[in-house]
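One structure below.
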Amino acid sequence: MRASQLFFKTSKEKPSDATAISHVLLIRGGFISQLTSGIYNFLPLGFRVLKKIWRIIEEEMDRTGAQELLMPALHPKELWEITGRWDLMDDIMFKLQDRSGRWHVLGTTHEEIITWIVSQWVRSWRDLPVALYQIQVKFRDEPRPRGGLLRGREFIMKDLYSFHTSWEDLNEYYDKVHRAYLRCFKRMGLEVYAVEAHSGAIGGDVSHEFMLISESGEDKFLKCDSCGYIASMEIASVHPPKELPTYKGEPESLKKVHTPGFTSVEDLVKFLGKTSKDFIKTMLYKYRGSEDEDYHYVIVLVRGDKEVNEIKLSKFLGSSSLEMASPEDFQRLGLVLGYIGPVGLDLSDIKVIADYSIATVRDGVVGANERDYHLVGVNPENIKVDSWADISNASEGDPCPKCGSPMKVYPSIELGHIFKLGTKYSEAMKAYFTDRDGKSKPIIMGCYGIGVTRLISAVVEQYHDEDGIIWPITVAPYEVLILTVNARDENQRKVSEDLYKKLQGEGIEVLWDDRDETPGVKFKDADLIGIPVRVVIGSKLKEGKVEVSLRRDREKIFVPVEEGVSKVKELVKSLKKELEV
RNA sequence: CGGGGCGUAGCUCAGCUUGGUUAGAGCGCGUGCCUUGGGAGCACGAGGUCAGCGGUUCAAAUCCGCUCGCCCCGACCA
């Protein structure tokens, strides 16, 4: 493509409404433009990048044995009512009526549709397993779109769904997709971590998020830099302390302090001049083992900067119905809401569970079990603890469960998420199959997403410098840029055009900047747009040479004109080889 | 949904506090000259519903009210 013909325009100015670096560079480089909040146009350059990413994902999904199809973006209300998600997802759905008043929705995801399709076709265990995917536009009326393509209201997603006769078969395929995802990201040059995550409302026992470390990200995960352990904040466990404090009684030195009206750690931090890590938060929970059991109460202690992780706590208690105690519960037990504390508290059958995080608190603050008073000077040895456990959200600096080294919190962008769905949708949509034993069973499902348009931003987040984008060759809009310094110089033009045609003949994607602009403009644009290989046809032509360089290091080499084609071919080949998996 | 910011030329912004010529600059755009290895120079020119609606006033980009749009922080996020 000749730049003089290409529909693009770069900008020197940082757009006023962009803050994420990828957003700024994609707008400035003329890859995308905004139509309205969370909705973007893909201009020719941006669309080429999109298609490159699209193609890589297709290749890797096909390799898992999945087949590509295309489902509609517009869905009838009825399908969404079957699973209850017409109401559940109401706040993020774009809903509309057709001419006859029937309601429809712009698809936020496609579990309902794919399961409906599969239910029409699959009858027997002989029809399974099957895996189907599409790359298609999704619509979500996000409460807050942000960062350009990072979170949009209309975006492109790859969604894959798999259908199995057994959990074993699902597990095997899940692992295959897991590997395929890592291959995808690696081919795009992205350093992505697969983080075990909580599966949330969607159900199933295992889920993984694929995270790229980035300051522009909205998510966070924990990583141990020494042993490589990684996990999401909710799921990460922590190493127990080497030694747990034992109860030694309550010393005289405990001081009661008047704290009128201050019940939150935040308020007390200011009032007492302490940090939140000096506090031991005391929480009252109630739970029961099963429906017909009575509620048990439990006192939970976590450090002031921590939050109780109810998933971990439920697991520890062996309960599925955990909830915080109500003000009425406090009254019944004779406890003072906002001022409870574990020191001297003796509630016969209520157990005290202490989070590992409080083991190291020294000279701490706790509630005094008396309105408007707290105790200071408390150490864990002064508290009667029934059990020690890991029941809070892990955070920066916590000891790694595997090696004990302090873990770090990394801001990140979620590029993919895979789930073991089980039978939630197949049961709802009546997608059953007849098994070998002649019995009808719900199909066991998995679902696997990749944010395709988000990936464009993610690549830019990882690959840029102060002058612009540095595309990895596998996703670059063009592989090679030919920059003709003086487009009016007959000789430069002739040599450029010759090289342009020869490279194209070799199957290389070339952008030829043949514009009649000053050299400065063309060099700045070259840096901004970030084509990986650059050939400059300029003054060195008098010596019969052209300049070749890579965008990433800009180290120039000069080669004789007649060696231009082979040198460029060689560079393109080696750049591609670096990203092979 | 809570908090904050912004809306004036294609873009980035001044002007608004204290109302008063024909609303400005830089970049970009057009024409001509000049220039061709890092966003050059000179000259001329085009380009505006000052987000919209209403109010106050002799007079509103400027003051007041409402509405709309966009961004950021938080909450939320299969």
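The values are calculated or read from the model by the stated rules, or taken from the named source; none is laboratory data. Being a predicted model, the structure only gives us computed values, none of them experimental. Don't worry about glycine lacking a Cβ; one is built from the backbone with ideal geometry, like all the others, and counts go over all protein chains shown. In case anyone asks, the SASA skips ligands and DNA or RNA and just uses the protein heavy atoms, side chains included. Shrake-Rupley method; radii C 1.70, N 1.55, O 1.52, S 1.80 Å.
A compact table of results
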item	result
Residue pairs meeting the criteria (Cβ under 6 Å; at least 6 apart or on separate chains; first over 18 Å from A:Glu461 (Cα atoms) and open to solvent by 50 Å² or more (accessible area, probe 1.4 Å), in region A:23-41; second near RNA strand B (Cβ under 9 Å from one of its atoms) and hydrophobic (A, V, I, L, M, F, W, C))	A:Asn41/A:Leu35
Flag if A:Arg493 is in the same structural domain as A:Ser549 (by TED's automatic domain parsing), more than 8 Å from RNA strand B (Cβ to nearest atom) and in contact with a helix residue (DSSP H, G or I) (Cβ under 9 Å, 6 or more places away or on another chain)	no
Region A:268-286, residues that are touching a Phe, Trp or Tyr at 6+ places or on another chain (Cβ under 7 Å) and open to solvent by 40 Å² or more (accessible area, probe 1.4 Å)	A:Phe271
From the options A:Leu528, A:Leu503, residue that is modelled with pLDDT of 95 or more and more than 8 Å from RNA strand B (Cβ to nearest atom)	A:Leu503
Any pair with Cβ under 8 angstrom, 6 or more apart, that starts in region A:150-169 at a residue that is not assigned by TED's automatic domain parsing to the domain that holds A:Pro442 and modelled with pLDDT of 95 or more and ends at one that is open to solvent by 10 Å² or more (accessible area, probe 1.4 Å) and within 16 Å of RNA strand B (Cβ to nearest atom)	none
Condition check for A:Arg2: more than 9 Å from RNA strand B (Cβ to nearest atom) and open to solvent by 40 Å² or more (accessible area, probe 1.4 Å)	yes
Condition met for A:Ala180 (aliphatic (A, V, I, L, M) and modelled with pLDDT of 95 or more)	yes
Complete set of residues in region A:19-39 that are over 23 Å from A:Asp467 (Cα atoms) and of a type in the set (Ser, Thr, Tyr)	A:Thr36, A:Ser37
Pair list, Cβ under 8 Å, 6 or more apart: region A:108-124 residue under 15 Å from A:Arg85 (Cα atoms), other residue open to solvent by less than 10 Å² (accessible area, probe 1.4 Å) and assigned to a helix (DSSP H, G or I)	A:Glu111/A:Tyr425; A:Glu112/A:Trp80; A:Glu112/A:Tyr425; A:Thr115/A:Tyr425; A:Thr115/A:Ser426
Residue count, region A:288-307 (criterion: in contact with a helix residue (DSSP H, G or I) (Cβ under 9 Å, 6 or more places away or on another chain) and either within 28 Å of A:Arg371 (Cβ to Cβ) or open to solvent by 50 Å² or more (accessible area, probe 1.4 Å) (or both))	11
Members of region A:11-22 found to be near RNA strand B (Cβ under 10 Å from one of its atoms), touching a residue at least 40 places away in the same chain (Cβ under 8 Å) and open to solvent by less than 40 Å² (accessible area, probe 1.4 Å), listed by number	A:Ala18, A:Ala20
Tally, over region A:308-321, of residues that are part of a loop (DSSP other than H, G, I, E, B) and either in contact with a Cys (Cβ under 8 Å, 6 or more places away or on another chain) or buried (at least 16 other Cβ atoms within 10 Å of the Cβ) (or both)	2
Residue among A:Arg493, A:Arg454, A:Arg488, A:Arg551 that alone is at pLDDT below 95 and on the phi < 0 side of the Ramachandran plot	A:Arg488
Residue ID - farthest from RNA strand B (Cβ to nearest atom), chosen from residues in region A:402-450 that are free of Cβ contacts under 8 Å to residues at least 60 places away in the same chain and open to solvent by less than 60 Å² (accessible area, probe 1.4 Å)	A:Gly438
Some residue of region A:252-267 being assigned by TED's automatic domain parsing to the domain that holds A:Tyr356, on the phi > 0 side of the Ramachandran plot, open to solvent by 40 Å² or more (accessible area, probe 1.4 Å) and out of contact with any helix residue (DSSP H, G or I) (no Cβ under 6 Å at 6 or more places or on another chain)	yes
Only one of A:Ser539, A:Ser549 that is open to solvent by 40 Å² or more (accessible area, probe 1.4 Å), within 10 Å of RNA strand B (Cβ to nearest atom) and among the polar types (S, T, N, Q)	A:Ser539
Residues within region A:509-525 that are part of a loop (DSSP other than H, G, I, E, B) and near RNA strand B (Cβ under 8 Å from one of its atoms), tallied	3
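Yes/no per residue for (1) open to solvent by 50 Å² or more (accessible area, probe 1.4 Å); (2) at pLDDT 95 or above:
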{"site": "A:Gly46", "(1), (2)": "no, yes"}
{"site": "A:Lys52", "(1), (2)": "no, yes"}
{"site": "A:Arg55", "(1), (2)": "yes, yes"}
{"site": "A:Glu59", "(1), (2)": "yes, yes"}
{"site": "A:Arg63", "(1), (2)": "yes, yes"}
{"site": "A:Ala66", "(1), (2)": "no, yes"}
{"site": "A:Leu70", "(1), (2)": "yes, yes"}
{"site": "A:Gly84", "(1), (2)": "no, no"}
{"site": "A:Leu88", "(1), (2)": "yes, no"}
